[in-house]
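> Below: one structure in structure tokens.
The values are calculated or read from the model by the stated rules, or taken from the named source; none is laboratory data. The structure presented is a predicted model; accordingly, all values stated were derived computationally and were not measured. In this analysis, Cβ positions are derived from the backbone assuming ideal geometry, glycine residues included, and neighbour counts consider all displayed protein chains.
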Amino acid sequence: MAIQAGGVFFWSPPPTIDSPAQPRNLYENKTRTKVLHLMSASGSPERIRFLRETLAGLEQAGGGMAAAPVRKLAFGREGFSFDRLLGGLFSGGLYEAAPARMGDLAAATGFALALSTRFAASHDGPILWMSDEFSACENGAPYGPGIAAHGLDAARLVFVRAQGGPDLLWAVEEALRCGAPAAIVADLGSAARHFDLVAARRLTQAARISGAPAILLHPAGAFSRPQAQNGARMRFEICARPSAAPAQHSIRPVPGPAHFGVRLAKPGVEAGRMTGLDTELTRTIIWDHRHGFFRDALSLAVSAASGVGDRRDSA
Amino acid sequence: MAADAAARRLGLTPGLSLTDARAIAPDLDAVEHDESAQARRLAAIADWARRFTPLAALDAPDGVMLDISGASHLFGGDEALLRDIEQRLARQGVTGIGAVASTPEAAWAFARYSRVRLAPDEEKPLLRLVCALPVAALRLDAGTVAALDRAGLKCIGDIHLRPRAPIAARFGEKVFGTLDAMLGKTRSAISPRFESPAYIVERRFADGVAARAQIEDSIAALSIELCRMLESHGEGARRLCATLFRVDGAVRHIHAGASRPLRDAPAMARLFHERLEAAGKTRDEDPLDAGYGFDVIRLAATAVDPLDPVQHMLAQKGKAQGDLVLSDAERAARMSDLVDRLGARLGVRRVMRFEAQDTHWPEHAVVATPVAEGKPRAAPVAAMTEAPERPLRLFENPEPVEAIASVPDGPPVRFKWRRLMHEVAAVEGPERISPEWWKQEASALTRDYFRIEDREGQRFWLFREGLYASETARPRWYVHGLFA
């Protein structure tokens with residue numbers, strides 16, 4: 001059934017045969033997304049505001065669940081640039097990270113785990129690592145000693161291996177609704193194609209109500225092309241950065257603590273001052289795994305000079 | 001030879017030889033006896049019979065014993081129950097002969113060697129009936145039966161009326177042992193097919209229910225009853241089993257486990273919901289295979305642990321206060337609920353935590369154990385060095401790379417992994433890890449591990465397998481993991 005309406009092409013899904021109250025899996029239902037997406041692309045600001053309010057009203061009436069209070073945390077110690085730029089980290093929302101290129105997946109993993117460590121620092125709950133079967137085989141499975149060496153309390157880590165995209169997203173939503181975990185890291189992998197706007201909305205709502213944060217790890221290059229704006233608080237594109245430091249006892253340089261090149265693809269909505277923030281700039285930060293916070297690379301000027309913008313071209 | 005109902009009408013009797021039978025009925029269908037199939041069928045029937053009483057015992061090779069004390073009145077008395085069972089079996093295509101008696105031995109004997117279906121409870125009439133039975137009804141081996149027969153002792157009455165000592169001396173004590181048990185002078189218990197769980201609730205339906213929503217509703221209602229029973233005994237369920245009895249006799253068990261003693265009815269119902277969801281994924285057409293529907297749904301707590309009532313109170317209080325601030329106990333309870341739910345849907349072995357092992361071999365340094373199994377002994381810890389010494393992601397199978405090293409036992413200068421060339425910019429190593437010769441087979445080679453950073457900043461955990469010259473002439477290189 002197709003209706004031509006005001007230049008926007010609506011397509012309503014055919015009525016499902018199995019019980020509409022409980023479709024077999026919500027994450028396999030992709031049709032509604034299209035409508036929402038087209039609306040936001042061509043609708044006027046008033047219309048979008050109206051829809052937002054309607055949605056909020058529906059959600060209040062339907063769920064009736066109040067949002068958990070938002071905790072504000074810091075990326076790093078006082079004066080860290082991201083805290084100034086983004087206003088800090090906030091519980092109860094979605095964070096998205098994606099590697100810039102295939103080879104940066106480990107760096108993005110490290111960044112996601114580092115974020116979860118920040119969330120877990122002021123919370124006693126466990127940290128959940130959820131991944132798809134395929135991703136664990138293809139990109140390596142999380143390794144306990146390595147995670148401990150990265151600064152995470154491995155005793156608090158629970159890892160879940162789902163058998164497919166819908167199952168993984170279901171597990172993330174269940175974990176978010178539960179409210180007990182300090183943070184949830186989801187390695188979406190092949191499940192990313194199931195993560196549409198409906199799924200994002202469901203996860204955002206779950207996170208808002210329980211106050212738990214989820215960090216979603218997208219496949220490489222997910223943010224290189226323009227993306228639909230889902231409800232995620234922040235979106236980071238990560239690449240690995242040289243960390244080599246001259247060694248004390250060796251002529252060769254040795255690898256140092258993890259250096260990340262972070263592009264703020266979507267700065268937070270909380271920070272009013274993010275207007276004018278350059279979303280194309282890649283900033284280099286260091287994860288201090290011994291103390292569990294981020295810090296700026298020693299000299300921003302130097303790292304900026306050493307080829308910031310041309311990294312994707314060289315790939 | 002055994003004979004079915006049609007064969008009996010032709011005048012064939014069990015025990016006849018096949019050639020004799022063929023002489024009577026030339027166009028006879030003879031089927032080879034399949035012992036294992038019969039055993040499976042009998043086990044299924046015993047399982048099915050548990051719809052009448054939880055105490056159902058397999059009585060190999062051809063019987064099922066039910067302890068119906070306290071259960072028969074639910075079905076309108078012994079006679080009605082017996083008729084019900086025989087009719088239901090007949091509908092399943094099984095010719096069953098049943099008998100009710102006050103002792104298992106007597107019931108066994110009457111079902112097989114007499115037309116008596118409802119044996120009296122009083123001693124005198126029972127004795128009269130028992131005495132008329134042939135000696136084979138004492139469940140003796142064929143040799144003893146033949147010997148008794150040769151001695152002219154054809155029926156139980158012949159034995160019962162004679163002095164015991166000479167018969168016992170000649171034919172064994174078992175003759176009287178069974179007789180006494182049959183008459184109720186000594187006791188014997190039915191050994192049930194499954195351990196009968198302490199907590200059972202069930203629901204019966206006049207017509208079979210087939211819709212999944214209805215089945216889940218029934219399970220939810222049953223969990224409330226079960227929780228009430230558990231609460232009055234101060235216990236919580238660790239393992240649950242929902243048994244669905246299909247109208248045509250098939251039985252389906254659904255098991256669910258809980259990582260802590262569970263006495264929360266909605267949580268129980270959710271566990272079964274996830275189990276059904278998971279079942280629906282593997283078998284698309286009909287997860288429950290409901291057919292004509294289920295007419296009995298039973299929920300049992302098959303393993304229970306004491307559950308402190310205080311904990312329950314705390315959980316209640318936490319809920320009343322709202323979800324804003326979670327106490328530690330409430331958080332732990334919610335987490336184990338989550339673990340159970342994930343385990344029920346995805347499988348218990350997909351919700352894991354790391355447990356450190358006392359070994360330095362990288363693949364074995366940590367094992368994953370299901371969270372549902374309880375507290376781990378030791379979580380992995382790492383020395384906090386300048387840079388992490390172990391990778392975040394480890395490949396289950398190290399991936400071979402083409403590496404070029406300046407000297408055979410030195411670090412690589414560049415390497416090619418997944419069709420991409422990486423120029424080494426920084427190296428730390430080697431970290432030599434020798435195989436545990438006391439555990440593994442001798443073929444494992446020593447590994448020299450290097451932490452490597454390429455010019456882009458990507459970090460790898462490479463190793464060279466085999467010591468140059470002493471172990472191998474051409475050491476091979478592998479990527480084993482990736483650092484952040």
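> List the helices (runs of 4 or more DSSP H) inside region B:1-51, counting only whole elements, that have at least 1 residues being touching a residue at least 40 places away in the same chain (Cβ under 8 Å) and in contact with a Phe, Trp or Tyr (Cβ under 8 Å, 6 or more places away or on another chain).
B:35-49
> Which of the residues that make up region A:237-260 are surrounded by 24 or more Cβ atoms within 10 Å (Cβ to Cβ) and either modelled with pLDDT of 90 or more or more than 7 Å from chain B (Cβ to nearest Cβ) (or both)?
A:Glu237, A:Ile238, A:Cys239, A:Ala240, A:Arg241, A:Ala258, A:His259, A:Phe260
> Where in region A:96-155 are there helices (runs of 4 or more DSSP H), lying fully within it, with 2 or more residues that are of a type in the set (A, V, I, L, M), within 17 Å of B:Phe354 (Cα to Cα) and at pLDDT 90 or above?
Answer list for region A:96-155: A:144-149.
> Looking at region B:333-425, what strands (runs of 3 or more DSSP E) fall wholly within it and have at least 1 residues that are of a type in the set (Asp, Glu), farther than 30 Å from A:Leu176 by Cβ and at the interface with chain A (Cβ under 7 Å from one of its Cβ atoms)?
Once the strands (runs of 3 or more DSSP E) in region B:333-425 are filtered for at least 1 residues that are of a type in the set (Asp, Glu), farther than 30 Å from A:Leu176 by Cβ and at the interface with chain A (Cβ under 7 Å from one of its Cβ atoms), nothing remains.
> Kindly establish whether A:Val160 is free of Cβ contacts under 8 Å to residues at least 40 places away in the same chain, assigned by TED's automatic domain parsing to the domain that holds A:Pro219 and more than 25 Å from A:Pro255 (Cβ to Cβ).
Yes.
> Let me ask you something else. Provide a single number: the residues in region B:80-114 that are part of a helix (DSSP H, G or I) and more than 20 Å from B:Val251 (Cβ to Cβ).
The number of residues fulfilling the criteria is 13.
> Going by the structure shown, is B:Arg238 of a type in the set (Lys, Arg), in a strand (DSSP E or B) and closer than 29 Å to B:Arg331 by Cβ?
yes
> Which residues, taken from region A:118-141, are crowded, with 24+ Cβ neighbours inside 10 Å and facing another protein chain (nearest Cβ under 7 Å)?
A:Pro126, A:Gly140
> Scanning region B:266-300 for residues that are basic (Lys, Arg) and touching a Pro at 6+ places or on another chain (Cβ under 9 Å), which turns out modelled with the lowest pLDDT?
Of everything passing the filter in region B:266-300, B:Lys281 is modelled with the lowest pLDDT.
> For region B:53-68, give me each residue that is at pLDDT 80 or above, assigned to a loop (DSSP other than H, G, I, E, B) and closer than 17 Å to B:Val94 by Cα.
B:Asp62
> For A:Gly93, indicate whether it is more than 10 Å from chain B (Cβ to nearest Cβ) and in contact with a helix residue (DSSP H, G or I) (Cβ under 7 Å, 6 or more places away or on another chain).
yes
> Yes or no: region B:379-392 includes at least one residue that is surrounded by 12 or more Cβ atoms within 10 Å (Cβ to Cβ), modelled with pLDDT under 90, among the β-branched types (Val, Ile, Thr) and farther than 14 Å from B:Phe463 by Cα.
Among the residues of region B:379-392, at least one is surrounded by 12 or more Cβ atoms within 10 Å (Cβ to Cβ), modelled with pLDDT under 90, among the β-branched types (Val, Ile, Thr) and farther than 14 Å from B:Phe463 by Cα, which makes the answer yes.
> A further question on this structure: Return the only residue of B:Ala382, B:Ala344, B:Ala356, B:Ala333 being without any contact (Cβ under 8 Å) to a residue 24 or more places away in the chain and not aromatic (Phe, Trp, Tyr).
Sole residue among the options that is without any contact (Cβ under 8 Å) to a residue 24 or more places away in the chain and not aromatic (Phe, Trp, Tyr): B:Ala382.
> Follow-up. Name the residue that is farthest from B:Leu392 (Cα to Cα), counting only residues in region A:173-201 that are away from chain B (no Cβ under 14 Å) and outside any helix (DSSP H, G or I).
A:Asp196
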